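To start, the structure under review is shown below, and the notes come after it.
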Amino acid sequence: MGSFAGIKMELLITIENHELTAKLPENEATRQFQQYCPINETFQKSGDHEYFCRLTRGINVRDLEGTSDIHGGGIYYFADWKALSFVYKEMSISPYKVVYLGEFTSDVCGILSGAGNKVKVRMEAEKDGR
């Protein structure tokens with residue numbers, strides 16, 4: 001799982017009727033993402049491991065390392081598609097690479113693993129915690 005050291009931003013995320021919080025480390029990509037909030041999107045299920053949506057604007061992640069190993073509760077970004085992803089199952093997605101953006105602070109895996117093909121999501125950013 002990701003580390004919460006250096007956290008400067010929280011996301012308040014509503015998935016269907018479930019209110020959750022996610023923590024994102026401070027870096028240029030998360031600051032840029034914060035400026036896009038609030039975001040209201042429908043996320044589509046992909047495989048048996050994630051829900052994603054394509055953002056209308058990309059996030060600059062060129063200075064961040066990509067990974068093919070994803071874990072449940074992680075929030076990732078796939079630059080090729082401008083896609084934001086909520087992962088609910090640990091796996092390797094090799095040869096693809098995504099950038100880790102943050103972590104849900106509560107169990108999103110149970111919510112997403114039992115959801116339908118699409119979920120409505122609202123994201124709001126809060127600076128420096130609540």
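Can you pull out every residue in the stretch 64-73 that is surrounded by fewer than 16 Cβ atoms within 10 Å (Cβ to Cβ) and either in contact with a Phe, Trp or Tyr (Cβ under 6 Å, 6 or more places away or on another chain) or part of a strand (DSSP E or B) (or both)? Residues satisfying the conditions are 66, 69. Are there any pairs, at least 6 apart or on different chains, whose C-beta atoms fall under 9 Å, with the first in the stretch 41-62 and on the phi < 0 side of the Ramachandran plot and loosely packed, with under 14 Cβ neighbours inside 10 Å and the second in a strand (DSSP E or B) and among the acidic types (Asp, Glu), and if so, which? Pairs that qualify, where the first residue is on the phi < 0 side of the Ramachandran plot and loosely packed, with under 14 Cβ neighbours inside 10 Å and the partner is in a strand (DSSP E or B) and among the acidic types (Asp, Glu), are 54/41.
Each residue in the stretch 27-63 was checked for being assigned to a loop (DSSP other than H, G, I, E, B), hydrophobic (A, V, I, L, M, F, W, C) and out of contact with any Asp or Glu (no Cβ under 6 Å at 6 or more places or on another chain), and 3 of them qualify. Could you check the stretch 100-120 and list, in sequence order, the residues that are surrounded by fewer than 19 Cβ atoms within 10 Å (Cβ to Cβ) and either assigned to a strand (DSSP E or B) or of a type in the set (Asp, Glu) (or both)? Listed by number, the residues that qualify are 107, 118, 120. Taking the conditions (1) surrounded by 15 or more Cβ atoms within 10 Å (Cβ to Cβ); (2) closer than 20 Å to residue 9 by Cβ; (3) in contact with a helix residue (DSSP H, G or I) (Cβ under 9 Å, 6 or more places away or on another chain) in turn, residue 29 satisfies each one other than (3).
Readers should treat all values here as calculations from the given coordinates under stated rules, not as data from a laboratory. Here the structure is a predicted model, which is why all the values come from computation and not from measurement. Methodologically, a virtual Cβ is constructed for each residue, glycine included, from the backbone with ideal geometry; neighbour enumeration extends over all protein chains shown.
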